[in-house]
Structure formats: C-alpha cells, structure tokens
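Trainee: Before we start, here is the structure in question, set down as structure tokens.
The values are calculated or read from the model by the stated rules, or taken from the named source; none is laboratory data. The structure presented is a predicted model; accordingly, all values stated were derived computationally and were not measured. Don't worry about glycine lacking a Cβ; one is built from the backbone with ideal geometry, like all the others, and counts go over all protein chains shown.
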Amino acid sequence: MSDLRGSMVALVTPFRNGALDEPALRALVQWQLASGTDGLVPGGTTGEGATLTAEEAVRVARICVEEARGRVPVIAGCGTNSTRATIENVRRAKEAGADAALVVTPYYNKPTPEGLFRHFEAVAKQGGLPVVMYNVPSRTSLDMLPDTIARCARLPGIVAVKEASGNAVRVAEIRALGVPDSFSILAGDDMFTLSTLATGGQGVISVVANVAPADLAALCDAFFAGDLGRARAAQIKFAPLVKALFLETNPLPVKHALFRMGKIAHELRLPLVPISEAAAAKVDAAMRDYGGLL
C-alpha cells in the first residue's frame, strides 16, 4: 500500500436499539469522503472496538470498504492484548477487504520492549495485512518507546505508528533513530496534529474529524502546500473543540456531538454510558463557538 498521509478519521460506530446502525454508518462514511478525509479507521477506540463482536467488527470494516471503493485506505481496528486473537482479527479484516490493521499495544499484560517487538512481528508475519501500530499509554498503561518503535518500523509489514503518548518531542525522537522514509508517523491526539507534521509526521488519526472532517483535511492540506499560517490558524481554532470532545471518556463527547448534528442515535455500549448533562452543555457550547456544527 502507498504511504499513509493526511487526515484519517477514527470513525465512531453508530448503534440503534443495541445493534449496528448500518445506514448511519454508510452515511457517515460518505460524508467523510465528500469532506476530503484521506483514510477511514473503524473499530478503534473511538469506534468502541472493544465491545464489537467479531462479526460486527468484520461488518463495520466491510461497510467502510464498500463505501470507500478504493478511494481511501480502510485501516481496521484489530488490536487486543492477545497476540493470537489479534492475528485472527487481522485475518478477518483482510477477508473484509481492509487495507491495513490498527493494532494497539497489548493492554493489561504490560509486555517488555522485547515482548512488544515479538507481538508486532508475529502480527505482521501472520495476519496478512500491513500493520499500523498504536501507542496510547493513557489507555494501556504502557508507553512504547522510540527505540522499540524504530525497531518494529524496520520489520516487513509494519507501515506506520499512531503516536498518542502526549510527548511533544516523540515524533522527532522516532525520526532521529533513522526509521525508513516510507514509515508513517501519525498523530493520535488532535492537538498534536500540526506539531506532528512539523517534526516529520505524515498525518493524524483524528477524533475531531468525526464532526469537522473538511476543516481537519484542510489543515493537513495547508501544511503540505507550505501554508503554515493557514495550518496554524486551523490548529488554534480547533483547540476549544478538541478540549470539549475529551471532557469525558472518548467517544462519549463525540457521539453526543454527532447526535446533536443529527447524524447518529445517542447510543453507546456498556460499560460506556452517555455523556453527563454538564459535559454535554459544554460540548454544545464549544460546537456553537466553533461555528457551522449546530
């Protein structure tokens, strides 16, 4: 597959009456494509991948593939804290037509750096899809450090990392270790989009792109066109909205925002519950202040 680049959406999974809302999902994908989004990432954290059944995860990926029709890559969430289960998920995603697999560092187990390397090595060798590693210590209690990322980046089949450590110098540290030019470093936190691009990254896997896809795509496009002023202005404008979308556990706020925009039902799966009234009011205020969302 070609290098991953630009604005990729960490897509929500819409539910209705406890089941996958397929019409809503197809409509979301079409809106994303029309808005200039460069990639679809279903079944991850924002997509409540942890509570999707294996059949639902395949169906979500297949719907994204059907709607994308090869125009943008589909990177299916496949990671678990079991290497064997992750490989099985990747194989199912491949059968569904996905272009790559998003694989989170194993949570709870807390493997050593050698364990992390062997985990990603096994998934890349046996899963059958290119692998985007996902480093998100706030969720896993495990930070995959630059040396390990760089070691994995040299493995065949490891094509990118979604970097969500919150460390402002992490991208530069990874690049300094001489990872292949074809290896993509993608921001995993919306507020690090511009800084990631400026220090050698290629794009973002974004939560806020669920509600403002055209604007986030425009930020990336402006940077790649050399218009740093426009990219900076977009990043600054996003700041209050991003803050609001993380007032409570993701994806509670972003699902509320999409409900208020009339795009999905306001439904999550236990153990997640709808956002609190106080936080919902703040999300609504941030959406109004941003403009064009409500």
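Trainee: Give just the number: which of (1) touching an Asp or Glu at 6+ places or on another chain (Cβ under 9 Å); (2) under 20 Å from L11 (Cβ atoms); (3) crowded, with 22+ Cβ neighbours inside 10 Å does E267 not satisfy?
Mentor: Answer for E267: the failing condition is (3).
Trainee: Right, next: Considering only segment 19-51, state which residues are farther than 14 Å from A98 by Cβ and crowded, with 20+ Cβ neighbours inside 10 Å. Reasoning before the result, please.
Mentor: Quick first cut of segment 19-51, residues farther than 14 Å from A98 by Cβ only: 19-28, 30-38, 45-46, 48, 50-51.
Listed by number, the residues that qualify are L25, L28, Q32, T37, D38, T45, T46, E48.
Trainee: Tell me which residues, restricted to segment 253-286, are over 21 Å from the mean Cα position of the chain (by Cα) and in a helix (DSSP H, G or I).
Mentor: Listed by number, the residues that qualify are R260, E277, A278, A279, A280, A281, K282, D284, A285, A286.
For every residue, the table says whether it meets (1) over 16 Å from A61 (Cβ atoms); (2) modelled with pLDDT of 95 or more; (3) surrounded by fewer than 18 Cβ atoms within 10 Å (Cβ to Cβ); (4) among the β-branched types (V, I, T).
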position: V90; (1), (2), (3), (4): no, yes, no, yes
position: P106; (1), (2), (3), (4): yes, yes, no, no
position: A122; (1), (2), (3), (4): yes, yes, yes, no
position: L129; (1), (2), (3), (4): no, yes, no, no
position: M133; (1), (2), (3), (4): yes, yes, no, no
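Trainee: List pairs: first in segment 111-123 and within 10 Å of T148 (Cα to Cα), second part of a helix (DSSP H, G or I) and not polar (S, T, N, Q), Cβ under 7 Å, 6+ apart or cross-chain?
Mentor: Matching pairs, first to second residue: F117/R151; F117/C152.
Trainee: Let me ask another. Do we find that A285 is crowded, with 20+ Cβ neighbours inside 10 Å, at pLDDT 95 or above and among the aliphatic types (A, V, I, L, M) in this structure?
Mentor: Against the criterion (crowded, with 20+ Cβ neighbours inside 10 Å, at pLDDT 95 or above and among the aliphatic types (A, V, I, L, M)), A285 does not qualify.
Matching residues to (1) of a type in the set (G, A, S); (2) surrounded by fewer than 21 Cβ atoms within 10 Å (Cβ to Cβ); (3) without any contact (Cβ under 8 Å) to a residue 60 or more places away in the chain:
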{"residue": "T196", "(1), (2), (3)": "no, no, yes"}
{"residue": "L216", "(1), (2), (3)": "no, no, no"}
{"residue": "G229", "(1), (2), (3)": "yes, yes, yes"}
{"residue": "K243", "(1), (2), (3)": "no, yes, yes"}
{"residue": "E248", "(1), (2), (3)": "no, yes, yes"}
